[in-house]
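The values are calculated or read from the model by the stated rules, or taken from the named source; none is laboratory data. The structure displayed is predicted, hence computed values, not measured ones. Neighbour counts are summed over all protein chains in view; Cβ atoms, including those assigned to glycine, are modelled from backbone coordinates with ideal geometry. Protein only, heavy atoms only, side chains kept; ligands, DNA and RNA dropped before computing areas. Shrake-Rupley method; radii C 1.70, N 1.55, O 1.52, S 1.80 Å.
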Amino acid sequence: MLIKRDGSREPWDRDKLEAGIRKALTGRPVTNVQIDQMLDRIEARIRKKGPEVPSSLIGAAALVAMQRTDEVGYLRYASVYKDFQVAGDFERELGLLLEKKEPAKRRKG
């Protein structure tokens, strides 16, 4: 079961998550196999949390998976999930994304 932000509950629906992820990845160089694997990992992660899982946990897991798979798709997904209202929201999120990449680049050098 999925516990929504308003406290209501509804059955888990993988298709609903898949639709959002596929929409964010439209036109991106990500294969159907990669998307299926991403969905499998997200689903496995949330199943470990128990029979009732908050929607925020699912959204966070999806954001992590999207970030690892395609940064543009991640920003698209984040813009809906985090309810971006102005261009500055994209700028802030991109800044956070770039901050996470920068330490990895320094370690390689």
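Taking the conditions exactly as written (part of a loop (DSSP other than H, G, I, E, B), open to solvent by 60 Å² or more (accessible area, probe 1.4 Å) and among the charged types (D, E, K, R)), does D40 satisfy them or not? Here the answer is no, as D40 does not meet what is asked.
Per-residue answers, yes or no, for (1) of a type in the set (D, E); (2) farther than 24 Å from L2 by Cα:
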{"site": "R14", "(1), (2)": "no, no"}
{"site": "T26", "(1), (2)": "no, yes"}
{"site": "I35", "(1), (2)": "no, no"}
{"site": "I46", "(1), (2)": "no, no"}
{"site": "E71", "(1), (2)": "yes, yes"}
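Of A104, A78, A60, all but one fail to be in a helix (DSSP H, G or I), modelled with pLDDT under 90 and over 16 Å from the mean Cα position of the chain (by Cα); the exception is A104. What are the residues in the stretch 56-89 that are among the small types (G, A, S) and crowded, with 16+ Cβ neighbours inside 10 Å, if any? Of everything in the stretch 56-89, those that are among the small types (G, A, S) and crowded, with 16+ Cβ neighbours inside 10 Å turn out to be G59, A61, A62, A65, G73, A78. If you scan the stretch 1-37, which residues turn out to be loosely packed, with under 15 Cβ neighbours inside 10 Å and either in contact with a strand residue (DSSP E or B) (Cβ under 8 Å, 6 or more places away or on another chain) or modelled with pLDDT under 90 (or both)? Hits for the stretch 1-37 are M1, K4, R5, R9, E10, P11, D13.
Taking V53, is it at pLDDT below 90, surrounded by 11 or more Cβ atoms within 10 Å (Cβ to Cβ) and either over 18 Å from K100 (Cβ atoms) or hydrophobic (A, V, I, L, M, F, W, C) (or both)? It is false that V53 is at pLDDT below 90, surrounded by 11 or more Cβ atoms within 10 Å (Cβ to Cβ) and either over 18 Å from K100 (Cβ atoms) or hydrophobic (A, V, I, L, M, F, W, C) (or both). Cβ-Cβ contacts under 7 Å between residues 6 or more apart (or on different chains), taken from a first residue in the stretch 69-86 that is farther than 17 Å from I58 by Cβ to a second residue that is among the acidic types (D, E) and surrounded by 13 or more Cβ atoms within 10 Å (Cβ to Cβ), are listed as L75/E93.
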